[in-house]
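What follows is a set of notes on a single structure, which appears directly below.
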Amino acid sequence: MRAESKLMSMRDAIAQHVPSGSMVLMGAQLEQMIPFAAGHELIRQGCRDLTLVGPISDILFDQMIGAGCVSRVLAAWVGNVSAGVGYCYRRATERNIPRRLEVVDYSNFTIALALHAGAMGVPFMPSYATLGSDLLKKNGNLREFASPVSEETLVAVRALRPDVAILHVQRADAQGNAHLWGSLGVAVDGARASRKIIIVAEEIVEPGIISSDPNRTLVPGFLVSAVVHEPGGAHPSPVQGYAARDHAFFEEYHERSRRIEDFEDWLSQWVLHLPDRREYWKQLGPARTEALAVKHHAFSAPADFGY
């Protein structure tokens, strides 16, 4: 008997599984497959007091901060990879606009260790990383301790267990078993560390396709709370094998987020006045979307699972 489908709309997935006050992991795959469509739906639904977790979120965290959704960020970096500065992030940290923002600084490695500890179900992971750095003064989740088996000083990186991880993937079945490839970042540990997972997929495929390549099934369906079919849901970030990075969009956002009034116009145009991702793609236009299509495919060799 086939398991019950977990497919639902983005609107329903966010409404059911991401209440205000949640700790949300996003941007787990570094610069690729950032779940912009999910972030925009969080903004539209007026979610507040979110704690955002992620190594590199590019401009998604900046947008959500500017929209007033975020009270705390646990990250290694927040900004615009194409231009450097995240203006909404800067306004929040320097002038409390639109609200006060608490920032907990990590390195990329220590946030990976924190999620690894959460995935393993242990309270912390030991590391040499950040010894001698100012991160130990700023982040209470990083603490020096004496090794019980040597005379060395180590850093204990406290486990992180987000309330929900939102992961964009290339394909999944309706039960949430998901294939993803390319840059994985901290997606696998982040999924296992989180209490809930929302999968956002480019394609929904039959279970037989997923089971034909079990080693690529990096997120098992029994951990997943909701599956959303949202092709292009990671734009403007790239999706390996599906879409290139829209560099121009990042540059445009950089210019239109310098001033508060310009950011508010941008937010109205690209998020608040668009009911869903379909309308977003209509506004982007076919010429621009076609330009982002993969030009040179690089397929992996088939794997024989016979015996």
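Tallying residues that are in a helix (DSSP H, G or I) and touching a Leu at 6+ places or on another chain (Cβ under 8 Å) within the range 56-79 yields 5.
The number of residues in the range 78-111 that are over 10 Å from Ile59 (Cβ atoms), hydrophobic (A, V, I, L, M, F, W, C) and buried (at least 17 other Cβ atoms within 10 Å of the Cβ) comes to 4.
Scanning the range 31-85 for residues that are free of Cβ contacts under 8 Å to residues at least 40 places away in the same chain and over 20 Å from Pro19 (Cα atoms), we see that the one that is farthest from the chain's Cα centre (by Cα) is Gly84. Whenever a residue of the range 275-294 is closer than 17 Å to Glu252 by Cα, its partners that are polar (S, T, N, Q), lying with C-beta atoms within less than 9 angstrom and at least six residues away or across chains, give the pairs Trp281/Thr289; Gln283/Gln269. Filter the range 200-221 down to the residues that are of a type in the set (Gly, Ala, Ser) and part of a helix (DSSP H, G or I), then identify the one that is surrounded by the fewest Cβ atoms within 10 Å (Cβ to Cβ). Result: Gly208. Whether a residue is without any contact (Cβ under 8 Å) to a residue 40 or more places away in the chain and assigned to a strand (DSSP E or B) was assessed, and Met125 passes this test.
Residue-by-condition table, conditions (1) hydrophobic (A, V, I, L, M, F, W, C); (2) in contact with a Lys or Arg (Cβ under 9 Å, 6 or more places away or on another chain); (3) under 27 Å from Asp163 (Cα atoms); (4) part of a helix (DSSP H, G or I):
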{"site": "Pro231", "(1), (2), (3), (4)": "no, yes, yes, no"}
{"site": "Ser237", "(1), (2), (3), (4)": "no, yes, yes, no"}
{"site": "Glu251", "(1), (2), (3), (4)": "no, no, no, yes"}
{"site": "His254", "(1), (2), (3), (4)": "no, no, no, yes"}
{"site": "Phe263", "(1), (2), (3), (4)": "yes, yes, no, yes"}
{"site": "Thr289", "(1), (2), (3), (4)": "no, no, no, yes"}
{"site": "Tyr307", "(1), (2), (3), (4)": "no, no, no, no"}
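Which one is surrounded by the fewest Cβ atoms within 10 Å (Cβ to Cβ) among residues in the range 173-199 that are without any contact (Cβ under 8 Å) to a residue 60 or more places away in the chain and assigned to a loop (DSSP other than H, G, I, E, B)? Of everything passing the filter in the range 173-199, Arg195 is surrounded by the fewest Cβ atoms within 10 Å (Cβ to Cβ). Screening Gly27, Gly46, Gly39 for residues that are at positive phi, buried (at least 19 other Cβ atoms within 10 Å of the Cβ) and not in a strand (DSSP E or B) leaves exactly one candidate, Gly27. Give just the number: which of (1) surrounded by fewer than 21 Cβ atoms within 10 Å (Cβ to Cβ); (2) not in a strand (DSSP E or B); (3) not β-branched (Val, Ile, Thr) does Gln170 not satisfy? It is condition (2) that Gln170 fails.
Taking the stated definitions as given, is Gly118 assigned to a helix (DSSP H, G or I) and more than 23 Å from Ala234 (Cβ to Cβ)? Yes: the conditions hold for Gly118. Scanning the range 200-217 for residues that are free of Cβ contacts under 8 Å to residues at least 40 places away in the same chain and of a type in the set (Gly, Ala, Ser) gives Ala201, Gly208, Ser211. Note on the range 129-158: residues that are not acidic (Asp, Glu) and not in a strand (DSSP E or B) total 16.
Please work out if Val53 is part of a strand (DSSP E or B), under 16 Å from Ile198 (Cβ atoms) and of a type in the set (A, V, I, L, M). Answer is yes for this residue. Annotation: of all residues in the range 156-167 being more than 18 Å from Gly27 (Cβ to Cβ) and touching a residue at least 40 places away in the same chain (Cβ under 8 Å), the one that is surrounded by the fewest Cβ atoms within 10 Å (Cβ to Cβ) is Arg158.
Each reported figure results from applying straightforward, stated rules to the coordinates on display, with no laboratory input. These figures come from a predicted structure and were not determined experimentally. Note that we place each Cβ from the backbone using ideal geometry, even for glycine, and neighbour counts take in every protein chain shown.
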